[in-house]
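The values are calculated or read from the model by the stated rules, or taken from the named source; none is laboratory data. Please read these numbers as outputs of a predicted model, since none were measured by experiment. Every residue, glycine as well, gets a Cβ built from its backbone with ideal geometry; the counts of neighbours run over all protein chains shown.
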Amino acid sequence: MPLGIIAGSGLYEIAGLEILEVKRIDTPYGEPSDSYRIGRLTVTSPPTVTSPPTVTSPPMDYEIIFLPRHGSPHRIPPHRVNYRANIWGFKELGVERIISVSAVGGIGDGLRPGDIVILDQIIDMTGGMRPHTFYDDEVVHVDFTEPYCPEMRKEIISASQRKGIPVVTSGTYVAVNGPRLETAAEIRVFKSLGAHVVGMTGMPEAVLARELEICLLGISVVTNYAAGLSKSKLTTTEVVQTMAETNQRIMNLIVGALPGFFKERTCPCKESLKEARF
Ligand code: HPA
């Protein structure tokens, strides 16, 4: 099964992805943000030097499907992204796992621009303005205790250790509607609620994946200090620049974890609809 990657501000293409097909998909929920880039990533592992002999693994091909969350060029604001269509499109393409990369403001103590956070929790403050479910006409309550796939989290954290790419191994993402940035008081409240990062796209993306039994891994890049935490004014330029500077590290991290993302799934995400229907 191909691996889906959806990314936002500042990450508009996957370095090294050989695109084999660009596919437009119409969904019952309308049009996704863009065409899906279906391609192949060839990974050559460096030789493993054990005491002789040196072992060289053959290059491996991985099928990846990439979607730029805000379209290309970047034109769809976070509150207008068709989250349902984006996730539905991945499902139609046979994707079982998605990596969601996002830019965030850092709230948590010690988080600095450039830090990579492997998310484990969400606080949804988007207030229901965005369609939040595929199940409008039937009663389905998916378990969302752990919003991100535990198996994918484990794989990426061990890849970070193997490759020596530091990541923050947990973090609570507070999702806001935007498109405006926050007030200093809002950030103080979010901090008191236990949030570590703030962003505008994490929800409903995560729950929609869960509703279709797709695993989701949330990788956030801290692109700026959240409102009120630094003296300088927040700018979009800063967000895009920091994201661009972090792209290579993120890709190295993802490449390091790829074999794990193509194994048979044993996580609960794959049966999230079991006993969820009334
Ligand atoms: N707030 C909300 N969304 C964001 C931020 C922020 O500070 N930085 C990047 N996306």
## Note on the structure
Checking Met125, Met129 in turn, the sole residue that is out of contact with any Pro (no Cβ under 8 Å at 6 or more places or on another chain), modelled with pLDDT of 95 or more and surrounded by fewer than 18 Cβ atoms within 10 Å (Cβ to Cβ) turns out to be Met125
### Query
Looking at the range 39-56, is at least one residue over 26 Å from Leu119 (Cβ atoms) and surrounded by 14 or more Cβ atoms within 10 Å (Cβ to Cβ)?
yes
### Task
Give me a count of the residues in the range 135-178 that are part of a loop (DSSP other than H, G, I, E, B) and farther than 23 Å from Asn247 by Cβ.
14
### Task
Output the residue which, of all residues in the range 190-244 that are more than 13 Å from the ligand (Cβ to nearest atom) and over 21 Å from the mean Cα position of the chain (by Cα), is surrounded by the fewest Cβ atoms within 10 Å (Cβ to Cβ).
Lys231
### Query
Residue check, Asp34 against (1) away from the ligand (no atom under 16 Å from the Cβ); (2) under 19 Å from Leu212 (Cα atoms); (3) under 18 Å from the mean Cα position of the chain (by Cα), all met but one. Which one?
(2)
## Note on the structure
Note: among Arg40, Arg97, just one is over 24 Å from Gly171 (Cα atoms), touching a strand residue (DSSP E or B) at 6+ places or on another chain (Cβ under 9 Å) and touching a residue at least 24 places away in the same chain (Cβ under 8 Å), namely Arg40
### Query
What about Asp136, is it over 24 Å from Thr223 (Cβ atoms), surrounded by fewer than 19 Cβ atoms within 10 Å (Cβ to Cβ) and modelled with pLDDT of 95 or more?
no
### Task
Could you tell me whether Leu208 is in contact with a Lys or Arg (Cβ under 8 Å, 6 or more places away or on another chain), among the hydrophobic types (A, V, I, L, M, F, W, C) and more than 26 Å from Gly110 (Cβ to Cβ)?
yes
### Task
Could you please find all residues in the range 101-121 being in a strand (DSSP E or B) and either surrounded by 24 or more Cβ atoms within 10 Å (Cβ to Cβ) or at pLDDT below 95 (or both)?
Val101, Ser102, Ala103, Val104, Gly105, Gly106, Val117
